[in-house]
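All of the numbers you see were taken from the coordinates with simple rules; none came from a lab. Note that the structure is a prediction, hence the values are computed from the model and not measured. Methodologically, a virtual Cβ is constructed for each residue, glycine included, from the backbone with ideal geometry; neighbour enumeration extends over all protein chains shown.
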Amino acid sequence: MKFTRRQLIRKSAHFAGIGLASNIIPFPLYAENLNYGPKEGLARLHWNENYYGPSERAIEAIKTSSFKGAYYPDHLVDYLKSMIADYNGLDNANIAISAGSTQALTILSQVKARQGTILSTGLTYDVHLSLAKNSGARVIRVNDNEDMTIDLQSIESLSRKNVSVVFIVNPNNPSGMIINSELLRESVKRMSENALVVVDEAYNEVTSEPETNSMVDLVRDGYNVAISRTFSKIYGLAGQRVGYMIGQPDVINEIRFNGTGEASLSMAGVSAAIASYEDKDFMNFSRDKINQAKEIVEIGLKSNGLSYLPSETNFILVNLGSIDADKFRDEMLKENILIRGKYGDYHNWSRVSMGNLSDVQRYVDAIPKALTNLSV
């Protein structure tokens, strides 16, 4: 008897439920003494995690797949590729699965560094850029505009000058701001004539219009464009380390053949990603909680006279005025609240992630004391 992909997913979830109902997966006693997440009383608002994840489907998949943890998950990796390819109107050859999106980004930056200059924005997620630079790559960072938006015009101009790859994060991290989709799409088309353009869409599913904001249609249309995504954000699977790259087959092969790639993936992580990928209910729930948290933070910032950048992500970048962001971070830590410190030359900008609502409220309540202590 043959099953469609969707029928197989439902059947797998059914058997997982039977296992859980039968209590055949007891929670080990030793685990009660381990801190798998933040320690008790600590508000962890610095890594853009989704406190509400993983979803129930993902947890069932993680538990059930653990019984087969002795095996490599190759067949599941192929299955996840087919899910992503089907959803985006592409083929498996257009998909590379990696240990978080950072792994694929890092491999690609190392490969492209051998072919020419790497071009990127100023204030942005840059782990892969730093690693490439440490390996001898020439990396050009284009300063942002005065309002901290990405200087797309200057990037496009420089992309014509012996550049092998352009990296753009949209929505951007840590600013949280998003580029107008039509403006970005036309610019990426032009840049892709001279270089590979990688758009990191780690926070795409958090935005108000994920489909409109994505550049994945350019891959379908054959442009020299790659899209980076992750299960670490809205899916709540940061600890499972699963991400993926969508691109033309030659780009995907560069990722697969120049790093450990899919050999770095775990059975539990890939199983959780499969269970989560089309879980719209959980994604909508998470997006709603993120927006509730942002509203609490925005009201709290305004009441304390602080401004912030408009965010399409699960974090907000706050302007502290004359206050040093590292010192503000340290004051928050005294209240058992973890947030980010300064970014490069942006000494007075502080990023706070949206955790559970009670932790976010603790952050807001701690702002007056922190500001007072730092103004003395």
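Between His75 and Asn319, the FRET efficiency from the beta-carbon distance, with R0 = 51 Å, is close to 0.55. Within a straight-line Cα-Cα reach of under 17 Å, Lys39 can be paired with the following aspartates and glutamates, leaving aside sequence neighbours fewer than 8 residues apart in one chain: Glu49, Glu335, Asp359.
Shape of the stretch 121-229 from its Cα gyration tensor (a ≥ b ≥ c, root eigenvalues): rounded if a/c is under 1.5, otherwise prolate when a/b > b/c, or oblate? It is rounded, given that a/c, with a ≥ b ≥ c, falls under 1.5.
Scanning residues 5 or more positions from Gly236 or on other chains, those with amide H under 5 Å from its amide H are Asn50, with H placed 1.01 Å from N in the peptide plane. Once the Cα-Cα distance is subtracted from the 0.36 nm per residue extended length, the Glu295 to Asp221 segment shows a gain of 22.8 nm. Taken over the stretch 267-376, lysine pairs spaced eight or more positions apart, or on distinct chains, with alpha carbons under 21 Å apart number 14. Rounded to 0.05, the FRET efficiency of the Arg160 and Ser135 pair, given R0 = 22 Å and the Cβ-Cβ distance, is 0.35. Packing-based ranking of 319-325, 229-235 yields 229-235, 319-325, ordered from highest to lowest mean Cβ neighbour count within 10 Å. Of all lysines in the structure, those lying under 23 Å Cα to Cα from Lys161, and not within fewer than 8 positions of it along the same chain, are Lys112, Lys133, Lys189. Sequentially through the stretch 174-179, phi angles give Karplus couplings (6.51, -1.76, 1.60; θ = phi - 60°) of x, 6, x, 7, 10, 8 Hz, Gly and Pro residues having no value and appearing as x. Taking θ as phi - 60° and the Karplus parameters 6.51, -1.76 and 1.60, the scalar couplings of the stretch 155-164 work out to 5, 4, 5, 6, 5, 8, 10, 6, 9, 8 Hz in sequence order, x denoting glycine and proline. The Cα center of the stretch 331-346 and the Cα center of the stretch 34-77 differ in position by 26 Å.
With a cut-off of 14 Å between beta carbons, the residues surrounding Ser192 carry a summed charge of 0, where Lys and Arg count +1 and Asp and Glu -1. Compared with the alpha-carbon gap, the fully stretched path from Lys39 to Asn356 is longer by 112.7 nm at 0.36 nm per residue. Ranked by the mean number of other Cβ atoms within 10 Å per residue, highest first, peptides 273-286, 74-87 order as 273-286, 74-87.
Using the Cβ-Cβ distance between Gln115 and Lys334 with R0 set to 35 Å, the FRET efficiency works out to roughly 0.15. Extent along the principal axes, Cα only, for the chain: 71, 55, 35 Å, with the longest axis given first.
Label zone of Tyr52 (point 7 Å out along Cα→Cβ, amide N under 20 Å): in the stretch 223-246 this covers 230-240. For the stretch 253-376, the fraction of C-alpha pairs farther apart than 26 angstrom is 38 percent.
The residues packed around Gly355, meaning those with a beta-carbon under 11 Å from its beta-carbon, carry a net charge of +1 if Lys and Arg are +1 and Asp and Glu are -1. Compute the Cα gyration tensor for the stretch 288-345, then decide on rounded, prolate or oblate, letting a ≥ b ≥ c be the square roots of its eigenvalues: rounded whenever a/c is under 1.5, prolate when a/b is larger than b/c in the other cases, and oblate in all that remain. Cα axes put the stretch 288-345 in the prolate bin.
Sorting the segments 363-371, 128-136, 116-124 by their residues' average number of neighbouring beta-carbon atoms within 10 angstrom, most packed first, yields 116-124, 363-371, 128-136. Considering helices alone, the calculated mean residue ellipticity of the chain at 222 nm is -13000 deg cm²/dmol, with DSSP H runs of length four and up weighted by -39500 (n - 2.57) and normalised per residue.
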